[in-house]
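Laboratory data are not the source of any read-out in this text; all were calculated from the coordinates shown. Owing to the predicted nature of the structure, the values given are computational and were not obtained by experimental measurement. So basically every Cβ, Gly included, is an ideal-geometry build from the backbone, and we count neighbours across all protein chains shown.
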Amino acid sequence: MERTFLAVKPDGVQRGLVGEIIRRFEDKGFTLIGLKFMKVNRELAEQHYDVHRERPFFAGLVSFITSGPVVVMVWEGEGVVAAARKIIGATNPLSAEPGTIRGDFGINIGRNLIHGSDAIETAQREISLWFQEEELVSWEPSITPWLHE
Ligand code: UDP
Ligand code: MG
């Protein structure tokens, strides 16, 4: 089953949006299989954003992500990687559509509330970076027959 990695960034935690953000993925019908509340160290933040290492915003991004607690999650479901990116919205919240998380709650690219894996391979890399296998719980929600034909 397809899985994606999501993180509520320090701004989302500080603004009290953890419940709201989780609710959107629950409401859609995806399944939560991993969840941690944690303060991120520099090494993990740099590995997570390794692809952006040469970009001008990298240092600021790493110091922001390590500045306060985050909520990291793994969600499961058919098409969850691409669907989560749609639920999250465009990177710049000012361009993100209303109805998306960034479109509804953000105004600045450096405070865009949530991270979501951008592809299936990226999701696999990020899940193994942030979670041990035994921290993920496979379970069958009782609502499944009402979500799937
Ligand atoms: N970012 C930034 N300034 C930029 C571009 C990106 O601060 O000009 C930050 C922003 O927090 C973004 C993250 O870097 O979420 C990763 O950038 P990416 O292009 O991967 O966006 P995402 O996948 O998060 O939509
Ligand atoms: Mg990205």
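Brief remarks on what is shown
- Neighbour counts of other Cβ atoms within 10 Å put D118, D50 in the fewest-to-most order D50, D118.
- Over the stretch 65-149, the reciprocal of the mean inverse Cα-Cα separation, the Kirkwood hydrodynamic radius, stands at 14.7 Å.
- Only aspartates and glutamates eight or more places from K36 in sequence, or on another chain, were considered; those with a Cα closer than 17 Å are D11, E20, E26, E76, E126, E133, E134, E135.
- Computed P(r) (all Cα pairs; the stretch 101-149; 10 Å bins; percent): 19, 25, 41, 15, 0
- Cβ-to-Cβ counts within 10 Å put S142, S67, S128 in ascending order as S142, S128, S67, the fewest first.
- Diffusion coefficient, µm² s⁻¹, Stokes-Einstein with Kirkwood Rh over alpha-carbon pairs of the stretch 1-125 at 25 °C and 0.890 mPa s: 169 µm²/s
- Normalised size of the stretch 34-83, defined as Cα radius of gyration per 2.2 N^0.38 Å with N residues, equals 1.33.
- One decimal place: the segment V137-E20 gains 39.9 nm when fully extended, by the rule 0.36 nm per residue minus the C-alpha distance.
- Subtracting the Cα-Cα distance of F57 and T144 from 0.36 nm times their residue separation leaves 27.2 nm of extension gain.
- Here the calculated FRET efficiency for A82 and D104, from their Cβ-Cβ distance with R0 = 22 Å, stands at 0.65, rounded to the nearest 0.05.
- Local net charge near H48, Cβ-Cβ under 12 Å (Lys/Arg +1, Asp/Glu -1): 0
- Gained length - I120 relative to K39, 0.36 nm times residue gap less alpha-carbon distance: 26.6 nm
- Inter-centroid distance (Cα atoms) of the stretch 78-125 relative to the stretch 15-75, Å: 11 Å
- Given charges at beta-carbon only (K, R positive; D, E negative), |dipole| of the chain in Debye: 680 debye
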